[in-house]
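Have a look at the structure below before the remarks.
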Amino acid sequence: MKAAVLRAYNEPLSIETLDLMPPRTGEVRVRYAASGVCHSDMTRIEGKRPSALPIVLGHEASAYVEEVGPGVDDLVPGDRVVMSFLYDCGRCYYCRSGHPNLCEVGIGMLRGGKLADGTTRFRKGDEEIHHMTVSSFAEQSVVPARCATKIPDEVPMDVAALIGCGVLTGSGAVFNAAMVRPGDSLLVVGAGGVGLNAVQAAAISGARVILVSDLNEDKLAMARDFGATHTVNPSQTDPVALAKELTGGRGVDFAIEALGNKHTIRQCYDAIRPAGKAIVLGAAEADSCCEIPSLTLPFTEKVLTGSMYGSARPRLDVERLVNLYLDRKLRLDELISKSYRLDQINEAFHDLHGGKLARGLIRYE
Ligand SMILES: [Zn+2]
Ligand SMILES: [Zn+2]
């Protein structure tokens with residue numbers, strides 16, 4: 001079984017042949033159909049977010065179930081599934097209180113590079129290779145069954161792959177975290193794989209002003225295609241000033257930051273109206289800090305918050321997004337910029353780094 005392994009930060013991923021141990025209780029072995037290439041994999045390659053090395057990255061994928069472990073009664077071999085990268089145990093405080101996207105076990109798995117029982121299934125000889133829960137830069141993996149949502153046959157596997165990170169996160173920020181209503185106004189900063197999904201979710205929700213800021217003119221054109229009512233290149237025009245101009249001087253109801261940059265986080269905070277909400281989706285570097293004027297907190301009641309994984313209930317939201325796609329309300333085909341084979345994965349990251357991709361896709365079939 002071939003996989004792309006990260007052995008050292010800032011080094012190319014190495015394509016290696018690994019062994020895969022059988023699924024244990026509550027797990028399934030899957031064969032990947034396609035995997036998205038996401039910025040948060042890149043931040044891990046660059047060591048901006050620490051990982052347990054060596055590790056197989058990749059967290060946005062579609063797959064076929066190949067083998068079912070003990071205690072799995074809702075999946076059978078041959079099922080077509082979308083993966084969600086955040087395991088929800090169903091038992092911890094956050095799962096029980098309606099925030100499965102903050103599951104203690106799931107977040108611990110992402111930090112520690114192990115599966116739910118604290119062990120790994122990837123081996124190279126005697127060497128243990130770590131997981132990033134889904135680990136879709138591999139032909140096959142063993143994953144928690146709770147991370148796999150069955151999808152209908154009509155959904156193509158390439159578009160299905162995108163749902164589990166970029167689509168869920170971007171649309172979830174709008175549907176779940178902001179709860180945008182018809183007539184609302186938004187600023188979306190960053191028109192990549194996540195930002196574009198925030199834009200189309202805002203359009204589906206009936207937002208009146210959808211202002212999108214990005215340095216890349218191609219991405220701005222794509223944002224207009226996905227429903228942006230206004231676009232701005234911050235190298236030419238101040239997005240905060242424009243956000244105010246478009247809302248009678250007040251500021252937008254919501255701002256969504258999809259880059260993970262302290263300057264654009266501040267921009268989002270400045271662009272919202274009093275009692276508005278700025279929602280950060282982008283993963284900044286671990287030691288990055290953002291300052292806001294303290295006095296504005298009591299005087300304006302502005303809210304600066306984040307949304308982990310689109311504040312989603314992953315299995316339910318995957319199902320809803322699949323249905324919106326089948327109803328032709330959610331556009332996914334247009335998000336795929338380019339496809340690569342697994343052995344071209346370093347080229348895919350090079351292109352992503354160069355700002356060329358809305359979404360690059362590794363195809364296994
Ligand atoms: Zn991602
Ligand atoms: Zn939990």
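Total residues in the stretch 127-139 satisfying the condition of being surrounded by fewer than 23 Cβ atoms within 10 Å (Cβ to Cβ) and under 21 Å from residue 343 (Cα atoms): the figure is 2.
The helices (runs of 4 or more DSSP H) found wholly in the stretch 4-121 and carrying at least 3 residues that are without any contact (Cβ under 8 Å) to a residue 12 or more places away in the chain occupy 93-96. Residues in the stretch 14-34 that are crowded, with 23+ Cβ neighbours inside 10 Å, over 18 Å from residue 121 (Cβ atoms) and out of contact with any Asp or Glu (no Cβ under 6 Å at 6 or more places or on another chain): none. Before we move on, is residue 198 closer than 19 Å to residue 305 by Cβ, away from ligand 2 (no atom under 16 Å from the Cβ), crowded, with 24+ Cβ neighbours inside 10 Å and in contact (Cβ under 8 Å) with a residue 40 or more places away in the chain? Yes. Among the residues of the stretch 122-145, are any among the hydrophobic types (A, V, I, L, M, F, W, C), assigned to a loop (DSSP other than H, G, I, E, B) and within 16 Å of ligand 2 (Cβ to nearest atom)? Scanning the stretch 122-145, I find no residue that is among the hydrophobic types (A, V, I, L, M, F, W, C), assigned to a loop (DSSP other than H, G, I, E, B) and within 16 Å of ligand 2 (Cβ to nearest atom), so the answer is no.
Residues that are closer than 22 Å to residue 307 by Cα, more than 16 Å from ligand 1 (Cβ to nearest atom) and either within 18 Å of the chain's Cα centre (by Cα) or at pLDDT below 95 (or both): does the stretch 236-256 have at least one? Yes: the stretch 236-256 contains one or more residues that are closer than 22 Å to residue 307 by Cα, more than 16 Å from ligand 1 (Cβ to nearest atom) and either within 18 Å of the chain's Cα centre (by Cα) or at pLDDT below 95 (or both).
Residues in the stretch 316-356 that are of a type outside the set (Ser, Thr, Tyr) and outside any helix (DSSP H, G or I): 12 in all.
I'd like the residue in the stretch 281-320 that is assigned by TED's automatic domain parsing to the domain that holds residue 264 and acidic (Asp, Glu) and, out of all such residues, is modelled with the lowest pLDDT. Once the filter is applied, the top-ranked residue is 285.
In the stretch 300-308 there is at least one residue that is among the polar types (S, T, N, Q) and part of a loop (DSSP other than H, G, I, E, B). Residue 305 - would you say it is in contact (Cβ under 8 Å) with a residue 40 or more places away in the chain, surrounded by fewer than 22 Cβ atoms within 10 Å (Cβ to Cβ) and not hydrophobic (A, V, I, L, M, F, W, C)? Taking the combined requirement at face value, the residue satisfies it. Is there a residue being more than 16 Å from ligand 1 (Cβ to nearest atom), farther than 30 Å from residue 339 by Cβ, surrounded by fewer than 23 Cβ atoms within 10 Å (Cβ to Cβ) and hydrophobic (A, V, I, L, M, F, W, C) anywhere in the stretch 64-80? The answer is yes; a qualifying residue exists. Being away from ligand 1 (no atom under 16 Å from the Cβ) and farther than 26 Å from residue 355 by Cα is the requirement here; does residue 108 meet it? Against the criterion (away from ligand 1 (no atom under 16 Å from the Cβ) and farther than 26 Å from residue 355 by Cα), residue 108 qualifies.
Select from the stretch 37-67 the residues that are at positive phi and either of a type in the set (Asp, Glu) or out of contact with any helix residue (DSSP H, G or I) (no Cβ under 8 Å at 6 or more places or on another chain) (or both) and list them in ascending order. Within the stretch 37-67, 47 is the sole residue that qualifies.
Just one of the listed residues (178, 148, 173) is modelled with pLDDT of 95 or more, within 16 Å of ligand 1 (Cβ to nearest atom) and under 24 Å from residue 327 (Cα atoms), namely 173. Of the strands (runs of 3 or more DSSP E) lying entirely inside the stretch 205-268, the ones with 3 or more residues being touching a Leu at 6+ places or on another chain (Cβ under 9 Å), of a type outside the set (Phe, Trp, Tyr) and buried (at least 24 other Cβ atoms within 10 Å of the Cβ) are found at 209-213, 252-257. Restricting the search to the stretch 16-38, which residues are more than 16 Å from ligand 2 (Cβ to nearest atom) and either more than 14 Å from residue 83 (Cβ to Cβ) or out of contact with any strand residue (DSSP E or B) (no Cβ under 7 Å at 6 or more places or on another chain) (or both)? Selection gives 16, 17, 18, 19, 20, 21, 22, 23, 24, 25, 37, 38. For the stretch 87-114, taking the residues that are among the aliphatic types (A, V, I, L, M) and more than 20 Å from residue 45 (Cα to Cα), the one that is nearest to ligand 2 (Cβ to nearest atom) is identified as 105. Residues satisfying the criterion are absent from the stretch 308-322 (criterion: closer than 15 Å to residue 194 by Cα, free of Cβ contacts under 8 Å to residues at least 60 places away in the same chain, of a type in the set (Ser, Thr, Tyr) and touching a helix residue (DSSP H, G or I) at 6+ places or on another chain (Cβ under 9 Å)).
The values are calculated or read from the model by the stated rules, or taken from the named source; none is laboratory data. Remember, predicted model here, so these are calculated numbers, not experimental data. All Cβ positions, even for glycine, are placed from backbone atoms using ideal geometry, and neighbour counts span all protein chains on display.
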